[in-house]
Amino acid sequence: MGYASKTYFWTKSALLNQPPSVAVVILNYNGRGYLERFLPSVLQSTYPNLEVIVADNHSTDDSIAWLRSHYPDVRLIENPSNEGYAQGYNLAIAQVTAEISILLNSDVAVAAGWIEPVVAMMTSHPQIAVCQPKILDWNRPAYFEYAGAGGGWIDSLGYPFSRGRVFDTCEADHGQYDTPTPIFWAAGAAFCIRTALFQAQGGFEPYFFAHQEEIDLCWRLQRSGYQIWYCPASVVQHVGGGTLPQGNPHKAFLNFRNNLIILWKHLPLQERCWKLPLRFALDAISAWKNLLAGNPGYFVAIAKAHAGLFHWWITQRRKARMPLQRQGPLDGYYTGSIVWEYFVKRRHTFAEIVSSREG
């Protein structure tokens, strides 16, 4: 889809002289506690042309009964089974007609005017497909949160990091990332996308189940000629780890496996031939380090992730949402290695790492 069609997305609202319609879609799985705590802040949003939707991923707790009892006016989409973040949102967004969909985790707190800056940015720049707010830690509001922080980047070997978060180092927010800017990927915790583009791209890769599907989609969108942006005027707070906490072996498996699949999908053959073996080696070092530190679950997770790449290649690659073959410059792409910078050079912040490469 090229630039010529991009003005289409605002035609309906412009003709009606209304702000673009927005749907905040909250995917829930056994998260009644999070809905009770954070849904009220979402419903207090001041954006005028807004619908709030809860898409339930076949919860086994009392989420649905509680929602119907306490918020009967909130639209409820009931998915027939729990197919994770990726397919769960695919099923939900297929039923959304709003011009912008905001995919919001159930463990995110928002301020009343958090939607307006995002819509203003996307309205002013038709080439922007996805926006991400500033994401702070709900438990430590002065710090960036792990999942997304001040906008996602990726390095030459496929390791994702963020402005404000590199590996496990989360920076305090001193306003150092308060400038709107293009980024590589937007966090799935608060993922603002043009609905028609999500649908046209086929949504998230369903095989991923959860984790890094937003990176894959953002890479596809960039390769289609669109941009991903960070909008610091919109601020949310994310608890994080609500479904799979940090350090969980299954979370590690999904992250490593899905990241390797992303590299296979997007890298040209000549890069794939040497970058994937190098990634296997670096992953193996991480696996053995954790095994020797008394964490065998992490070791097994990485071994399963490597096997999972080959399983995907054999069974799924022909069904995958593949990117365009056309290459071009990518925003938020770091040409070096954050593994080298972080663990060898001991540079632990985004600014230190990026400035060292530019220098």
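Every number here is computed from the coordinates shown, using simple stated rules; none is lab data. Just so you know, these numbers come straight off a predicted model, no measurement behind them. Backbone-built Cβ (ideal geometry, glycine too); neighbour counts: all protein chains shown.
Listing for the model above:
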| read-out | value |
| --- | --- |
| Dipole axis of the stretch 176-274 (+1 Lys, Arg; -1 Asp, Glu on Cβ), positive-most option in PHE256, TRP185, GLN227 | PHE256 |
| Cα-based Rg / Dmax (Å) for the chain | 19.7, 64 |
| Whole-Hz couplings from phi, Karplus 6.51/-1.76/1.60, listed for the stretch 273-279; x for Gly and Pro | 5, 10, 6, 5, x, 5, 4 |
| Distance from the stretch 215-239 to the stretch 290-359 (C-alpha centre basis), Å | 18 |
| Net length gained if the chain between SER286 and ASN17 were fully extended (0.36 nm per residue, minus Cα distance) | 91.3 nm |
| Nonlocal amide H pairs with ALA55, under 5 Å, H built at 1.01 Å | ILE26, LEU27, ASN28, ILE77 |
| Whole-Hz couplings from phi, Karplus 6.51/-1.76/1.60, listed for the stretch 115-122; x for Gly and Pro | 7, 3, x, 5, 5, 4, 5, 6 |
| Sites matching chymotrypsin sites (Phe, Trp or Tyr not before Pro) across the stretch 160-214 that sit in DSSP coil, with at most 13 neighbouring C-beta atoms within 10 Å | PHE167 |
| Distance from the stretch 250-275 to the stretch 105-135 (C-alpha centre basis), Å | 29 |
| Relative exposure of MET322, MET122, judged by other C-beta atoms within 10 Å (fewest first) | MET322, MET122 |
| Ascending count of other beta-carbon atoms within 10 Å, so fewest first, for TRP114, TRP274, TRP153, TRP66 | TRP274, TRP66, TRP153, TRP114 |
| Amide H partners (placed H, <5 Å) of SER337, local residues excluded | none |
| Under Karplus coefficients 6.51, -1.76 and 1.60, residue-wise ³J(HN,Hα) of the stretch 301-317 in Hz, glycine/proline x | 4, 5, 4, 5, 5, 5, 5, x, 4, 5, 4, 4, 4, 6, 9, 10, 4 |
| Estimated FRET transfer efficiency (ARG346, GLU51; beta-carbon r; R0 56 Å; 0.05) | 0.70 |
